[in-house]
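Quick notes on the structure that follows.
The values are calculated or read from the model by the stated rules, or taken from the named source; none is laboratory data. What you see is a predicted model, and the numbers here were worked out from it, not measured in a lab. Counting neighbours? That spans all protein chains shown, and the Cβs are built from the backbone with ideal geometry, glycine included.
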Amino acid sequence: MKEKIAIVLGSKSDQAELKIGFDILKEFKIPYKFEIISAHRHPDKLTKFCKQIEKDGIEVAIACAGLAAALPGFIASYVNIPVIGVALKGGMADGLDALFSMVSIPRGIGLVCSGVGKSAFVNAIIVAMEIIALNDKQYSGTLKALKNKFK
């Protein structure tokens, strides 16, 4: 399978919280492009990344961020592929601030949010696989096996 999913975290510390999702990607041999880029600290690097992923054949982006959670909206404003936001726990509102940021995206920016935390990351992976499987039978079989894991 070719990389069709891009996963972007806003901070290196987020990776440990999302271990269960990365373990699932490894278990099911789902290829993905991975970057850690803060929308606030490195907007130029993130802009370049956004411009490149569609050229690389990426079909879905998963962006995980906490606090102000600008990352998913930033990416969605640059690309013409589905973007799934995952709000991460932390801060005074324990992830609700990030969730509200994502679900309050301005009109005209295509962004969906799968929720808050580890389970939301797993669900984002499943939704990404569902999107890709619409046109790629190889992903369809992997998606069925992945969903059966949770039955």
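Take the residues of the stretch 4-21 that are more than 22 Å from Gly73 (Cα to Cα) and modelled with pLDDT of 95 or more: which is surrounded by the fewest Cβ atoms within 10 Å (Cβ to Cβ)?
Lys19
Conditions: (1) more than 24 Å from Met129 (Cβ to Cβ); (2) in contact with a strand residue (DSSP E or B) (Cβ under 9 Å, 6 or more places away or on another chain); (3) of a type in the set (Gly, Ala, Ser). Gly110 meets all but one. Number of the miss?
Just one mismatch for Gly110, condition (1).
Step by step: first the residues of the stretch 65-82, then only those that are of a type in the set (A, V, I, L, M, F, W, C) and in a helix (DSSP H, G or I), then the one that is surrounded by the fewest Cβ atoms within 10 Å (Cβ to Cβ). Which residue is that? Spell out the reasoning first.
Filtering the stretch 65-82 down to residues of a type in the set (A, V, I, L, M, F, W, C) leaves 65, 67-71, 74-76, 79, 81.
Next cut, in a helix (DSSP H, G or I) only: 70-71, 74-76.
Values: Ala70: 20, Leu71: 30, Phe74: 25, Ile75: 28, Ala76: 24.
Residue satisfying both the conditions and the ranking: Ala70.
In the stretch 29-63, which residues are within 12 Å of Val8 (Cα to Cα) and either among the aliphatic types (A, V, I, L, M) or in contact (Cβ under 8 Å) with a residue 60 or more places away in the chain (or both)?
Ile36, Ile37, Ala39, Leu46, Ile53, Val60, Ala61, Ile62, Ala63
Can you tell me which residues in the stretch 98-116 are part of a helix (DSSP H, G or I) and crowded, with 18+ Cβ neighbours inside 10 Å?
Hits for the stretch 98-116 are Ala98, Leu99, Ser101, Met102.
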